[in-house]
Amino acid sequence: MTTQTDIGWVASFDQALDQAAQRKLPIYVDFFSPT
Amino acid sequence: MGAVTYPDEQVAQRLHDRFVCFKPQIDRNQELAHRYGVLWTPGLLWLDERGTKRHENVGFFEPREFLAECTFGEGKVLAGRKDWPGALARFEEVLQSWPDSFAAPAAAFWIAVAARFATGKSEELGTRWRELLSRYPQSSWAMKVSYIERAA
């Protein structure tokens, strides 16, 4: 049985900016529509 | 994306290791969507750590195409920081790993720009863009540099 890597979606855009600044990483955003 | 692309292990690993990821529902985040000009979903953005948009796309990407697109987006973020060697490495990775992808002709265009700034040699533009013309002659990116053949 393989373990799926957790992408680690953050809960808010502010959190994305905070983490990106701390970890010096780019931000990936996917706007989605509920199906 | 959620049903096909994100469950792919390579995609999940890439996103986990190299990005901070945020997935907003568009109708509940209209101000943010408006700020970045997102009109339709999936609306995909690659931003630098300050929130400046460096790359965008719209629509579904299957895992292989998504990996190429993500690597290209990372290259554009590094280019925005003027990390030209880093950007060049990402664009070259797109061509080497996914040469038949949607992102590949764009990467071939930006390889020339990144190589020009990384080396300080303006002749890199002509050399690399001729490679783009040879490798992807039918692409819109080849059209953008086709003047160099007429000028030669």
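Go through (1) buried (at least 18 other Cβ atoms within 10 Å of the Cβ); (2) out of contact with any strand residue (DSSP E or B) (no Cβ under 6 Å at 6 or more places or on another chain); (3) small (G, A, S); (4) under 21 Å from A:G8 (Cβ atoms) and name the single condition B:A68 misses.
(4)
This table checks each residue for (1) surrounded by fewer than 16 Cβ atoms within 10 Å (Cβ to Cβ); (2) within 14 Å of chain A (Cβ to nearest Cβ); (3) acidic (D, E).
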site	(1), (2), (3)
B:F72	no, yes, no
B:G86	no, yes, no
B:A103	no, no, no
B:K121	yes, no, no
B:L132	no, no, no
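Please find, among B:H55, B:H16, the residue that is more than 7 Å from every other protein chain (Cβ to nearest Cβ) and either more than 15 Å from A:Q4 (Cβ to Cβ) or in a helix (DSSP H, G or I) (or both).
Sole residue among the options that is more than 7 Å from every other protein chain (Cβ to nearest Cβ) and either more than 15 Å from A:Q4 (Cβ to Cβ) or in a helix (DSSP H, G or I) (or both): B:H55.
Could you go through the range B:40-49 and let me know if any residue there is in a helix (DSSP H, G or I) and either farther than 22 Å from B:A89 by Cα or within 7 Å of chain A (Cβ to nearest Cβ) (or both).
No, there is no match, as no residue in the range B:40-49 is in a helix (DSSP H, G or I) and either farther than 22 Å from B:A89 by Cα or within 7 Å of chain A (Cβ to nearest Cβ) (or both).
Within the range B:1-46, can you find the residues that are small (G, A, S) and closer than 17 Å to B:F72 by Cβ?
B:G43 - this is the single residue of the range B:1-46 that is small (G, A, S) and closer than 17 Å to B:F72 by Cβ.
Got a sec? Which of B:R50, B:R90, B:R64 is of a type in the set (D, E, K, R) and farther than 25 Å from B:R135 by Cα?
B:R50
Do we have B:V77 as in a loop (DSSP other than H, G, I, E, B), buried (at least 21 other Cβ atoms within 10 Å of the Cβ) and facing chain A (nearest Cβ under 10 Å) here?
no
If you go through the range A:3-21, how many residues are among the aliphatic types (A, V, I, L, M) and in a loop (DSSP other than H, G, I, E, B)?
2
Take the residues in the range B:1-50 that are in contact (Cβ under 8 Å) with a residue 24 or more places away in the chain and in contact with a Gly (Cβ under 6 Å, 6 or more places away or on another chain); name whichever of them is surrounded by the most Cβ atoms within 10 Å (Cβ to Cβ).
B:W46
Values in this text are rule-based calculations from the coordinates and carry no lab data. Just so it is clear, the model here is predicted, and its values are computed rather than measured. Here Cβ is always computed from backbone atoms with ideal geometry, including for glycine, and neighbour counts include all displayed protein chains.
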